[in-house]
Amino acid sequence: MTDLLSLSNLRTQFKTERGAVKAVDGIDLTVEPGETVGLVGESGSGKSVTALSAMDLIDDPGEIVDGRITLRDAALAASLLDEFGNALVPYPSGLVEAVSSLGGDLRAGNRPRNASAELRGMADDLDRDADPADLAADLRDAADRLAEGAPPEDVGGALAAALDDAADGFVYVDDDARARLRDGTAPSDVEIREGVVDVTSAPEAAVRRIRGGEMGMIFQDPMTSLNPAVTVGEQIAESLRLHRYGGQKKDSWLNGIREILPKIGGRKGDEEVMDEVVRMLQAVGIPEAKQRVNDYPHEFSGGMRQRVLVAIALACRPNLLIADEPTTALDVTIQAQILDLIDDLQEDFGMSVLMITHDLGVVAETCDRVAVMYAGEIVEEGPVEEIFHNPSHPYTYTLLESIPTEDKERLTPIEGNVPDLIDLPEGCHFAPRCPWAEDRCLEGEIPDLQHGPEDVDHRAKCVHESFDKAAYGTEGVEAGGEADVGDPLVEVRGMRKYYQQEDGPLDRVVGGGDRSVKAVDGVDLDVRERETLGLVGESGCGKSTAGRAILHLDPPTDGTVVFAGEDLGSLSKSELRKRRKEMQMVFQDPMSSLDPRMTAGQTIMEPLKIHGLAEGHRRERVFELMEAVGLERAQYGRYPHELSGGQRQRVGIARALAVDPDFIVADEPVSALDVSVQAQIINLLEDLQEEFGLTYLFIAHDLSVVRHISDRVAVMYLGEIVEVADTDDLFETPKHPYTRALLSAIPEPDPLADTGDRTILRGDVPSPIDPPSNCRFRTRCPSIIPPDDLDIDQERYREVMFYRQRLEAGDIDLDAIESEVRIESESSPAAVADGGAAATDEHPALFEYFFDGPLPEEARAVVAESFEHLKNDRWDRAEATLRETFESVCEREHPRLGERDHPAACHLHDE
């Protein structure tokens with residue numbers, strides 16, 4: 001048995017007035033050393049509660065009511081035995097595991113086949129070993145009671161009580177070590193070859209040693225997980241001090257002050273701790289880490305904050321990393337960076353990963369094994385290739401069928417929702433939604449059946465050996481044919497939206513210079529009748545602002561928006577209000593865009609009242625709209641918190657449809673939804689477009705969704721449109737380097753797909769206050785154009801340009817760079833990376849820091865000259881030296897979006 005982490009018959013429940021919420025309901029899951037296991041399923045399936053249970057972080061009213069969580073680590077076991085005098089369990093871990101698992105099944109009301117024989121066999125084994133608590137007698141008594149027909153719940157309860165008395169401890173060791181420890185040998189004098197720690201039985205002091213030290217966790221939302229009042233360096237150092245540099249300090253006023261102001265009184269080993277913090281920030285890819293340790297979370301971008309969370313989780317080199325939706329809130333490009341980072345760190349540190357996500361593409365690319373979770377149970381488990389190419393549980397299959405792919409004309413969503421975890425259905429929990437459900441699915445214990453090759457552990461909790469996958473989805477509504485796209489309905493020309501920034505009261509009077517946020521900067525766009533135009537780009541590119549500006553919800557600063565032949569900017573407020581009946585918006589987050597004090601029916605009725613529509617029969621009109629978007633009449637009186645995510649989004653769509661619009665801006669309408677609910681909403685939008693002749697501007701960062709629903713796609717970067725094309729043309733032959741990078745970063749929901757040539761962008765979207773001159777993508781572009789007379793490799797030229805950008809921004813700290821290179825060389829003395837600098841060259845640290853390979857002689861000489869200016873504080877001369885040799889056409893000339901069928905604003909494709 002080599003499992004690093006083992007969850008056995010784990011049950012976690014939350015007490016409510018209505019009853020116990022069975023969030024985790026008897027799961028078995030293991031993670032082996034060096035393995036990445038994916039845990040997937042819809043929201044409400046119990047994934048995050050499983051992660052919190054594994055770390056023993058369940059708070060009131062939650063409780064782990066049954067099961068065991070064990071961590072295999074001989075060194076940890078030895079350390080805990082040395083620290084806690086009553087930690088040793090005098091029985092083998094395998095025996096206690098077997099009794100605990102069987103007892104859990106009995107307490108759940110199940111009567112496993114041959115249970116009596118198993119109990120007697122375990123009792124016979126104990127007869128040949130030490131049995132200080134006479135556990136064998138309890139096992140035989142339980143076997144006899146089962147044979148006599150006693151209720152399994154009663155027998156299971158008695159077994160649990162006997163096991164609690166016998167296994168009075170939380171550390172298990174191998175037989176030889178256990179024998180020596182029983183004889184009174186000190187733990188420090190015993191060689192422990194195998195050690196297992198029972199996390200569920202361990203006292204809080206021991207569990208705190210395990211959390212952060214042996215098990216690290218990346219939480220879902222970095223902005224809420226990081227302390228905004230503490231620097232990132234201190235937040236990483238906290239974990240190091242607790243687990244590696246002196247342990248937890250006693251609670252006192254003096255230590256409290258030292259936590260807030262570390263320099264008061266100092267801390268033992270502070271310099272060593274902060275060196276380790278810098279190493280961790282370097283390891284997770286944060287540049288000039290020594291300079292940034294004193295920055296606060298709000299001074300980091302979203303991707304950088306996620307990297308800080310990774311650094312905190314890995315600071316103490318844990319054996320197991322639990323990543324709870326680590327990329328859910330990130331753009332596809334930043335997601336690719338974080339997944340690549342976790343993969344590299346896993347290889348470097350040799351750790352295991354439990355990856356929790358609802359993104360099946362992420363699972364396909366990162367995991368070795370997958371467990372599919374539904375309504376608190378694991379319904380299928382196996383190698384990632386088997387799960388994706390031979391799904392054997394109906395839930396897994398229907399989840400995969402919900403994913404938008406290029407060959408699907410219409411998605412097939414899973415009907416219904418995850419059941420109420422207080423009142424779960426009998427038998428298979430998925431049966432009420434399953435297209436293949438039969439009477440035998442509705443009662444009794446559902447077996448785990450083996451699937452696939454004999455040498456592969458691929459199990460599914462389903463009575464079906466197989467089911468007819470070919471018939472799935474054939475009864476749904478067929479997708480309509482090609483939309484009859486008409487003339488432009490919306491014409492946008494030169495649209496800009498700037499937001500003025502004022503630093504203080506004086507700026508409001510005399511002006512503070514040009515500090516405007518250029519959120520949208522000169523957009524030209526047409527949206528044709530009855531088409532869906534996708535608008536894509538990273539967060540911060542101006543997509544949502546452009547959508548609101550087009551509708552004049554937030555009027556443009558400059559430019560024109562013509563709707564149905566009328567310039568919206570020329571209309572008065574009353575005239576624009578009348579026009580709004582024809583232009584509506586579906587907002588990004590249904591929970592925040594719906595009034596929590598208004599019912600679904602009131603929300604949908606509101607626009608009818610505002611525009612004076614359907615007087616005398618508004619309630620009937622609301623029911624019509626609810627039916628059109630797939631809501632039941634019974635949901636009329638429900639408040640937003642009483643609806644699921646998909647139902648809330650349907651209310652938002654019904655509200656937009658209430659005034660019979662011609663044009664709808666859908667701002668990330670499916671970004672917060674599970675893949676199954678996402679498929680429902682996409683199908684709904686397509687059906688409504690066909691039925692009512694709607695025109696959509698569909699804003700999204702999920703390019704697989706955009707490919708499925710859009711007729712054309714416009715790509716936006718830092719306030720500008722950089723490429724526009726028909727959907728198939730753009731995905732098959734992208735022109736702009738930014739578009740190619742976006743498409744390359746899409747996770748492929750196929751573990752056998754080749755993703756080796758993926759382009760991972762460095763850095764984040766620049767500030768729209770001071771965007772790069774001319775080509776705005778040039779600061780991140782992997783294909784930036786070198787001067788014609790310069791002989792240099794593309795990768796080295798990109799590194800030169802990164803160095804230039806840092807120099808021009810004044811973002812170079814020579815002391816921090818010297819320190820970072822020194823720390824890196826000390827931690828990896830065998831590494832040789834001189835950035836192309838010969839042994840006799842000056843500035844070796846700077847060459848090593850900025851360059852990963854050798855520069856041509858001419859380029860190296862110019863860079864060395866700039867380094868010399870930099871060291872002598874001649875920044876302007878350093879910039880001028882580099883500009884003279886390395887200036888690109890991308891800096892000098894603004895690329896124009898041409899008039900061709902597939903234009904791209906890039907000098908590589910100048911007309």
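The values are calculated or read from the model by the stated rules, or taken from the named source; none is laboratory data. Only a predicted model underlies this, so the values are computations on that prediction, with no experimental measurement involved. Ideal geometry is used to build each Cβ from the backbone, glycine not excepted, and the neighbour counts take in all protein chains shown. Heavy atoms of the whole protein, side chains included, go into the accessibility calculation; ligands, DNA and RNA do not. Shrake-Rupley method; radii C 1.70, N 1.55, O 1.52, S 1.80 Å.
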**Request:** At 0.36 nm per residue, minus the direct Cα-Cα distance, what do Asn294 and Glu63 gain on full extension? Give it in nm, one decimal, please.
**Result:** 79.4 nm
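Tell me, what is the FRET efficiency for Thr16 and Glu204 to the nearest 0.05, using R0 = 25 angstrom and their Cβ-Cβ distance as r?
Details: r = 25 Å, r/R0 = 1.00.
Efficiency, rounded to the nearest 0.05: 0.50.
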**Asked** Once label points are set 7 Å from the Cα along Cα→Cβ at both Glu691 and Arg618, what is their separation, rounded to one decimal in nm?
**Response** 2.2
**Request:** Rank these by accessible area, largest first, 1.4 Å probe: Trp875, Trp436.
**Result:** Trp875, Trp436
**Request:** Please name whichever of Thr70, Ala87, Gly109 sits farthest to the positive end of the charge dipole of the range 38-115, dipole taken about the Cα centre and charges placed at Cβ: Lys and Arg +1, Asp and Glu -1.
**Result:** Gly109
**Asked** Measuring from the lowest to the highest alpha carbon on each principal axis, how far does the range 11-143 reach, largest first, in angstroms?
**Response** 48, 39, 30
**Prompt:** Tell me, in nm to one decimal, what length is gained between Lys573 and Asp343 on full extension, where the rule is 0.36 nm per residue of separation less the Cα-Cα distance?
**Reply:** 77.4 nm
**Item:** Label-to-label distance, nm, for residues given as Leu553 and Tyr245 (7 Å Cα→Cβ offset)
**Value:** 4.8
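Going by average Cβ density within 10 Å per residue, which order do the peptides 109-120, 796-807, 179-190 take, highest to lowest?
Details: 109-120: 15.3, 796-807: 20.0, 179-190: 13.1.
Per-residue mean Cβ counts within 10 Å order the peptides as 796-807, 109-120, 179-190.
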**Message:** Using the Cα centre of the range 280-430 as origin and beta-carbon charges of +1 (Lys, Arg) and -1 (Asp, Glu), tell me which of Ile356, Gly427, Ala375 is placed farthest towards the positive end of the dipole.
**Reply:** Ile356
**Prompt:** Regarding the chain, what are the three Cα extents along the principal axes, ordered largest first, in Å?
**Reply:** 89, 84, 56
**Fill in**
Which residues qualify? For Ile378, with a placed amide H closer than 5 Å and at least 5 residues away or on another chain, they are Asp28
**Prompt:** Can you give the FRET efficiency for Glu795 and Gln635, using 1/(1 + (r/R0)^6), R0 = 45 Å, r = Cβ-Cβ distance, to the nearest 0.05?
**Reply:** 0.20
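I need the helices of the chain that pass two filters: whole DSSP H segments spanning 30 Å or more by Cα along the axis, and mean Kyte-Doolittle score no lower than 0.5. Spell out each step's value before the answer.
Numbers: long enough: none.
Counting only whole DSSP H runs, no helix qualifies.
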**Complete:** Here the FRET efficiency for Asp852 versus Glu893, based on Cβ atoms and R0 = 45 Å and rounded to 0.05, is 0.95
**1.4 Å probe accessible area per residue over the range 328-422, in Å²** = 31
**Calculated Rg and Dmax of the range 692-839 using C-alpha coordinates, Å** = 19.8, 72
**Message:** Using a 7 Å offset from the Cα along the Cα-to-Cβ direction at both Asp757 and Asp815, what is the distance between the two label points in nm, to one decimal?
**Reply:** 4.8
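Kindly rank 575-584, 529-538, 688-697, 299-308 from highest to lowest mean number of other beta carbons found within 10 Å of each residue.
Details: 575-584: 16.3, 529-538: 23.8, 688-697: 18.8, 299-308: 20.7.
Ranking, from highest mean packing down: 529-538, 299-308, 688-697, 575-584.
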**Item:** Cα-centred dipole magnitude for the range 587-692, charges only on beta-carbon of K, R (+1) and D, E (-1), debye, nearest 20
**Value:** 540
**Prompt:** Given only helices, namely DSSP H runs of n ≥ 4 each adding -39500 (n - 2.57), what is the per-residue ellipticity at 222 nm of the chain, to the nearest 500 deg cm²/dmol?
**Reply:** -11000 deg cm²/dmol
**Request:** Select from Gly569, Ile760, Leu551 the residue farthest towards the positive end of the dipole of the chain; place +1 on Cβ of Lys and Arg, -1 on Cβ of Asp and Glu, and compute about the Cα centre.
**Result:** Gly569
**Message:** Past 30 Å, Cα to Cα: identify those pairs from Lys497/Lys735; Lys408/Lys461; Lys15/Lys461; Lys15/Lys47; Lys290/Lys543, in the order given.
**Reply:** Lys290/Lys543
**Request:** Note the full-extension length gain between Arg877 and Glu148 as 0.36 nm times their separation in residues minus their Cα-Cα distance, in nm to one decimal.
**Result:** 253.1 nm
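Which value, in Å², gives the accessible area per residue of the range 1-105 when a 1.4 Å probe is used on the protein heavy atoms? Before the final figure, lay out the partial values.
Numbers: 3720 Å² over 105 residues.
Solvent-accessible surface per residue comes out at 35 Å².
Which value, in debye to the nearest 20, describes the size of the charge dipole of the range 119-159 about its Cα centre when Lys and Arg Cβ atoms bear +1, Asp and Glu Cβ atoms bear -1, and nothing else is charged?
Details: 4 positive and 12 negative charges, 20 e Å.
Computed about the Cα centre, the dipole is about 100 debye.
Of all accessible surface on the chain at a 1.4 Å probe, what whole percent is carbon and sulfur?
Details: 18350 of 40600 Å².
Percent of accessible area from carbon and sulfur atoms in the chain: 45.
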**Message:** If you count only protein heavy atoms with a 1.4 Å probe, what accessible area per residue comes out for the range 659-727, rounded to a whole Å²?
**Reply:** 22
**Request:** Bin all alpha-carbon pair distances of the range 374-425 at 5 Å intervals from 0 and give each bin's fraction as a whole percent.
**Result:** 4, 17, 22, 23, 18, 11, 4, 1
